[in-house]
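Okay, so here's the structure we're looking at.
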Amino acid sequence: MAMNYNAKDEVDGGPPCAPGGPAKNRRPDNTAFKQQRLPAWQPILTAGTVLPTFFIIGLIFIPIGIGIFVTSNNIREIEGNVFMYYGLSNFYQNHRRYVKSRDDSQLNGDPSALLNPSKECEPYRRNEDKPIAPCGAIANSMFNDTLDLFLVGNESDPTPITLKKKGIAWWTDKNVKFRNPPGADIPLEERFKGTTKPVNWVKPVYMLDPDEDNSGFINEDFIVWMRTAALPTFRKLYRLIERKDDLHPTLPAGRYYLNITYNYPVHSFDGRKRMILSTISWMGGKNPFLGIAYIAIGSISFLLGVVLLVINHKYRNSSNTADITI
């Protein structure tokens, strides 16, 4: 059976309809949004708008960077509370597969995730036919060296420095993101029943600390390690040395002895370990990177402004000369 063909149907975007049937029309509604008649604004970039932007960014960023850099370098005196860090180099915690190798539901105390961890944790999801708690590559590679600091005086026996192991993790991590499995009246070991420790760990997670308020998934050393670093050379807070009073320094002048229980090998990834003692300022601990970044961005912006100003001046003069010649 023959059908009539109307070219208008093709223009309207609809298929030809049967004779006598209702007309089909795929044309969008005649509204400003569907017909793309909404008002728009497009900035016109000229030398008068671009050049001041580069100079303003340079004039703002360079002084800020110098101030941050000088402040960071002045963090030397051991006054106030002292923070003890451990540092690692050539350890890429920012690797994509490494960062994803964890189960946040399990770390939040979900009983179902405790016994059935996420597949993102592979190959550290199960061991000996039991689910690993905590699972994943991040937890499996947790730093486990032990650092003890002693003041060596005139006496034969060195005086141990009190190192506080609580208060080193972020409040949101300790109280929101990390929780032990439910059951306040049940011993912690029973709450982790049916699971096994990570492959590289010496003891299970519920034995990380004798204090149950700092053991399991809420152990602060574990929480600090699970917050991955952005760069291959990093430091993480290990202990806090609190100042007892204003009359005595936190760490008096003298000779100190650092005892390290070596458990964490670094030769496999050609890394290095270090211990850092530092105080903090209004901008945190000693870290010159932010100041250097501000200075670099400000300097580049200012330099680009100068280059563009010279180019604009040169070609504008050439254009004026050409107009006069014509």
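The values are calculated or read from the model by the stated rules, or taken from the named source; none is laboratory data. The structure displayed is predicted, hence computed values, not measured ones. Virtual Cβ from ideal backbone geometry, glycine too; neighbours counted across all protein chains shown. SASA here: full protein model, heavy atoms, side chains in, ligands and nucleic acids out. Shrake-Rupley method; radii C 1.70, N 1.55, O 1.52, S 1.80 Å.
Side notes on the structure shown:
- Phi-derived couplings, Karplus 6.51 cos²θ - 1.76 cosθ + 1.60 at θ = phi - 60°, listed residue by residue for the range 92-100: 8, 6, 8, 5, 4, 5, 5, 5, 7 Hz, with x used for Gly and Pro.
- Largest-first ordering by accessible area, 1.4 Å probe, given options HIS267, HIS313: HIS267, HIS313
- Full-stretch length increase - HIS95, ALA293 - with 0.36 nm per residue and alpha-carbon distance subtracted: 69.0 nm
- Potential lengthening between ASN81 and ALA40 on full extension [0.36 nm per residue; Cα-Cα distance subtracted]: 9.2 nm
- Placing unit charges on each Cβ (+1 for Lys and Arg, -1 for Asp and Glu) gives the range 179-252 a dipole about its Cα centre, and among TRP201, PHE234, ILE218 the Cα reaching farthest toward its positive end belongs to PHE234.
- Multiplying the residue separation of TYR256 and TYR315 by 0.36 nm and removing their Cα-Cα distance gives an extension gain of 14.6 nm.
- Accessible-area order (highest first, 1.4 angstrom probe) of the listed residues ARG255, ARG37, ARG191: ARG255, ARG37, ARG191
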